[in-house]
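For reference, the structure is listed below as structure tokens.
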């Protein structure tokens, strides 16, 4: 048989499969109506396993492919059912409230809290996220949340992830405990420099101060300094200020070039970070949830039920809708043996077809579900 003849036959089979697919999705809608009426869950893993066992029986060399084919059908069927289920959900109400409070244009002014002092990376992130904002500096990440919750500030800006050191777990923990919403995000290319008092030589340095993340990002360079003591502090800019204010001429700080100018220090070494691809992502948070026009990223924290395939069931939901998952990171649950939660980011908007029903189904099926926000990256 010639290739053209084979393709004509395949076209005929594809048309038959297309018609059968439509029929199956119609039946899935009928199933959704029944489950909605009788308050039944969408996912029925036992029935899916039974069908897969039946379909793969005597499939021979096609067993793997038929298993994947029907698994994909189940994912699409569940996505269709989720779009038709009308039971109330917390995330549905949360998104509705957030959209009502948001608007077409993100504000350009307001009061924003960030951890550190003038010259900190958080300050640069504030300037990108809120160009005409009034910055209030506080000492800790927790104090950023306090400033917003008290009404002193409209927004808070915090680091959430570094491309080299990973997620800032303390910020994720605060997001969970304080119930704040992410409304914007940006990323900065971080360049670290070793700053010293004027006239100090590399051979004079005995102690290096910086934020623990910055110390970790410059570990290789620090190892070349011959046993200097690395001392973590709250912020890279605060480290520079501390060295400037101290009479100790053997102290140095890992900070930025603007901080050298700001605090009267000299640059003893440039670009000392281990990786050239050293980015830190910063988020802007509010107490009252808002979703603005152009929001195209979703952040979640999920805890899966402790049963086989639970994580796969969650991940198959965005996959069925063709949604890219740009972040998936596991984190142990404090105080529980071998239990994990997952930090997830999706490249999607709650206004896209099928996305909100998917989130509602995730909420129904997960052991724990926290919607952190839908926002745009600046």
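Over all pairs of different C-alpha atoms, the chain has a mean inverse distance whose reciprocal, the Kirkwood radius, equals 23.9 Å. Pairs of C-alpha atoms in region 30-129 farther apart than 17 Å represent 72 percent of all such pairs.
Here residue 87 and residue 56 are evaluated by their C-beta separation; at R0 = 22 Å the FRET efficiency comes out at 0.10. For region 292-378, taking Cα atoms only, Rg and Dmax work out to 13.0, 42 Å respectively. With springs only between Cα atoms under 10 Å apart, run a GNM on the chain and tell me which of 257, 192, 67 wobbles the most. Judging by the Gaussian network model, the answer is 67. Of 308, 318, 41, the residue with the greatest mean-square motion in the GNM of the chain, using alpha carbon springs below 10 Å, is 308.
Where in region 125-157 is the amide nitrogen less than 14 Å from a point lying 7 Å along the Cα-to-Cβ axis of residue 105? Under cut-off, by backbone N: 131-132. Distance from the Cα centroid of region 184-249 to that of region 127-151 is 24 Å (rounded to whole angstrom). Placing a label point 7 Å from the Cα of residue 33 along the Cα-to-Cβ direction, the residues of region 53-83 whose backbone N falls under 15 Å from that point are 81. Extension gain for the segment residue 339 to residue 201, taken as residue separation times 0.36 nm less the Cα-Cα distance, is 44.7 nm to one decimal.
The slack between residue 47 and residue 325, meaning 0.36 nm per residue of separation minus the straight C-alpha distance, is 97.3 nm. Of 103, 226, 354, the residue with the greatest mean-square motion in the GNM of the chain, using alpha carbon springs below 10 Å, is 226.
Take every DSSP beta bridge whose two residues both sit in the chain, then give the antiparallel share in percent to the nearest 5. Antiparallel: roughly 70 percent of the beta bridges in the chain. Against the compact-protein benchmark of 2.2 N^0.38 Å, the Cα-based radius of gyration of region 115-160 scales to 1.03. Want the number for residue 97 to residue 66: 0.36 nm per residue separation, take away the alpha-carbon distance, what's left? Length gained, residue 97 through residue 66: 6.8 nm.
Once you order the gyration tensor axes a ≥ b ≥ c over the Cα atoms, which shape class does region 144-195 get: rounded for a/c under 1.5, otherwise prolate or oblate by comparing a/b with b/c?
Verdict is prolate for region 144-195.
Compared with the dominant principal axis of the Cα atoms in the chain, helix 90-101 is inclined by about 60°. Distance from the alpha carbon centroid of region 93-114 to that of region 18-60 works out to 40 angstrom.
For the chain, the longest principal axis of the alpha carbon atoms and the long axis of helix 45-56 meet at an angle near 60°. Cα axis of helix 236-245 to longest principal axis of the chain: angle in degrees, 0 to 90, nearest 10? So the inclination is approximately 10 degrees. For region 202-233, the residues whose amide N sits under 17 Å from a probe point set 7 Å from the Cα of residue 245 along the beta carbon direction are 209-211, 232-233. Per residue, the convex hull spanned by the alpha carbons of region 193-269 comes to 72 Å³.
Over region 3-84, the fraction of Cα-Cα pairs per 10 Å bin, rounded to whole percents and listed from the shortest bin up, is 16, 37, 32, 12, 3, 0.
Values in this text are rule-based calculations from the coordinates and carry no lab data. None of these values were measured; they are calculated from a predicted model. Ideal geometry is used to build each Cβ from the backbone, glycine not excepted, and the neighbour counts take in all protein chains shown.
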